[in-house]
Amino acid sequence: MDSSSVSLKKLKFGKLKVVRRSLLQRYEHQPFISCLAGLYSCRWKRYQRRRSEPGRCCCKMWECVFFLLLAGTFCLSLVFLYMWGEAKNDYNNFDWYNYGNLGHWFLWSVFLLILAAVLFAYVTLLLVLAVCLLSEGQQLYLHWSHKIGTFFVLGFSIASIGVFSKLWAIRWKTVRLSFQVTAPYLHIGAIAVMVLLSWPVALHAFRTNKKVVQMIIIGPYLAILVFLFLIPLGMYSPCIREVGTLGPKPALIGHRGAPMLAPENTEMSFQKTIEHGGHGLETDVTVSYDGIPFLMHDSSLRRTTDVQEVFPENATQNAAMFSWDALEKLNAGKWFLKDKPFSCMGSLSRADQNLAMNQSIYKLKDFLRLAGSANKFVIFDLYRPPEKHPYRNTWVNATLHAISLSGINPHLVLWLNNNVRPIVQSVAPGFRHIMGSKAPVDELLRNNIMQLNLVYYEMSSEDIRKYAEANITTNFYVVSEPWLFSLAWCTGAHSVTTNAVHLLKDINRPLFLMTPKEYRIMWLLTDVVSALLISLIFALHWWRERGLTCCSDDGGVGLENGTYNKFRTELNDLPTVVA
């Protein structure tokens, strides 16, 4: 081999080293791309990734499949997170249900919310990384650990949605109600996401040379965009109303008192409701074995008393099977400080803690005396004693006797039990009668029903207005979240039963309230601005991909088309080495 051939080899090898050094220097000046690719695919080195060339797919087929799977997982996890987040109003019921099955109190509702939020944040991060890489024209290589994580989030979301749809399907009614408050904000958020997605969509649509592929990319995107632009046409919310048409703020009825501030169904709990301006008190009534009506929600005493310590052999026995002498020995407040039944309880003062520690089971007679002295309405669920109970057939008489002994004004008693209504109307004609289900107006008037007590997801502006025209008021239970209270206010509810009297009393205006004109302006402004931004982004990529000098794409990472062709030309210009 002569000296000329050796020098040519060195020259060619030196050229390779120069190009390699140039590429590494370019890589060092692209920390953003390096971070994106490293987090998404765990490929931190320059030569482990490359930029997709014009006219070619951004990634391999399986990576395309995983990207679609990632997008679907994001949607499902978002659906569950939204559903569970809006179900916060009923977290206490969920924890109570689990306590009945597991025998141990734990805030499973909050744990599930945190878990759903963490998994959603994880899959959202992966999706954002993927979209950013696509926006830079980079090929996708999802790391195997992230693929396993994506499958886990997908399985969790599907299982959670399936279980709750079967066992707690009523929560979907809550979700539908929430749209009447959150839909305008969700609409703006969805439009903002479509604006961000327009960048990678336009980039890859204009980089391909095939019209069919362009239509496959742009067609679904534009269809979704048009749907989002027009969806407000079918949107309804009672909180979008003309000025001066909002009714008075609903009255507040303490659900078992103020259970976020004190042990439920105790004297302290009802005192707290009165202190915070509650208009009425709601409770649950059971009759003891010796005929004394007392306040207790659960069928057993395990959750809200220390019966397992005082009477361990009878801990699971029905509460009505205990005599009043036995019930008086139980503490009804220690559990409250130990279990903390509500996640948003806050800290209690030392005085309130001491008071809660010394609460006992409350007699119906004493409860009514407290309500009467404060001039508060009372409403209660009356539980019939179990079989073999001495007052199994005379429980209503025992309750009516306790009401008469309390001395409360009969007008303050809202009688709910429908089974014995004719007897009660004849014995105690001064009571106000309410019903727990919807019925024709004629039937309600015929039975002297003055109020309806309905579960909150039966909320309807039309029904409330229809009943109000017949002087029948409507109360909804249990409404504890501010957004749900705001919706009840806009719907025209006259009162709500709540766990959070201390929170709702400070709401002086619905959280979401605007006139139809204000909403139309917000809607049209959002659509116009987003349409202009998307058009500009598409126009920018159209210019870039046609090689206009002012917008040429010559600053990427990897073996870009220009660098690659220049390198090949320079190598081809070198003389051929002959051994």
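The values are calculated or read from the model by the stated rules, or taken from the named source; none is laboratory data. What you see is a predicted model; the values in this text were computed from it and never measured. Neighbour counts run over all protein chains shown; Cβ positions are idealised from the backbone, glycine included. Side chains are part of the model used for accessible areas, which takes the heavy atoms of the whole protein and leaves out ligands, DNA and RNA. Shrake-Rupley method; radii C 1.70, N 1.55, O 1.52, S 1.80 Å.
Roughly how many Å is it from the Cα centre of segment 406-468 to that of segment 315-331, as a whole number?
32
Run the 1.4 Å probe and let me know the accessible area of Lys249, rounded to the nearest 10 Å².
So the heavy atoms of Lys249 present about 70 Å² to solvent.
Can you tell me the dipole magnitude for the chain around its Cα centre, using point charges on the Cβ only (Lys, Arg +1; Asp, Glu -1), in Debye to the nearest 20?
Approximately 2580 debye in magnitude.
For the chain, what does the equivalent ellipsoid look like in terms of its semi-axes, each the square root of 5 times an eigenvalue of the Cα gyration tensor, given largest first in whole Å?
Numbers: eigenvalues 929, 165, 62 Å².
Equivalent-ellipsoid dimensions as semi-axes: 68, 29, 18 Å.
Tell me, in nm to one decimal, what length is gained between Tyr221 and Ala121 on full extension, where the rule is 0.36 nm per residue of separation less the Cα-Cα distance?
Result: 33.6 nm gained on full extension.
Any chance you could tell me what percent of the C-alpha pair distances in segment 160-226 go past 19 Å?
56
Over segment 377-524, how many percent of alpha carbon pairs lie in each 5 Å bin up to the one with the longest distance?
Pairs per bin, as whole percents: 2, 8, 16, 16, 16, 14, 11, 7, 4, 2, 2, 1, 1, 0.
If the only charges are +1 at each Lys and Arg Cβ and -1 at each Asp and Glu Cβ, what is the size of the charge dipole of segment 103-216 around the Cα centre, to the nearest 20 debye?
340
First check a/c for segment 264-376, with a ≥ b ≥ c the square roots of the eigenvalues of its C-alpha gyration tensor; if it is under 1.5, answer rounded, and if not, answer prolate when a/b is larger than b/c or oblate otherwise.
Oblate, because a/c is 1.5 or more while a/b does not exceed b/c.
Project the alpha carbons of segment 146-193 onto their principal axes and report the range along each, largest first, in whole Å.
Projected onto the principal axes, the Cα atoms of segment 146-193 cover 35, 31, 7 Å.
Net charge near Ile253, counting Lys/Arg +1 and Asp/Glu -1 over other residues with Cβ under 11 Å of its Cβ?
After counting each charged neighbour, the total is +1.
Once amide H atoms are built 1.01 Å from N in the peptide plane, which residues 5 or more positions from Lys376, or in another chain, come under 5 Å H to H?
none
Under 5 Å between amide H atoms, partner at least 5 residues away or on a different chain: which partners does His433 have, H built in plane at 1.01 Å?
Under 5 Å from the amide H of His433: Trp415, Met450.
For the chain, what relative contact order do you get, as a whole percent, if you take Cα pairs closer than 8 Å and at least 6 residues apart?
Once normalised by length, the contact order is 17 percent.
State which entries of Lys60/Lys147; Lys272/Lys363; Lys334/Lys365; Lys272/Lys505; Lys338/Lys376; Lys88/Lys334 exceed 19 angstrom in Cα-Cα distance in the structure shown.
Lys334/Lys365; Lys338/Lys376; Lys88/Lys334
Return the long-range amide H neighbours of Asp306 (sequence gap of 5 or more, or a different chain), with a cut-off of under 5 Å between placed amide H atoms.
Answer set, sorted by chain and number: Asn331.
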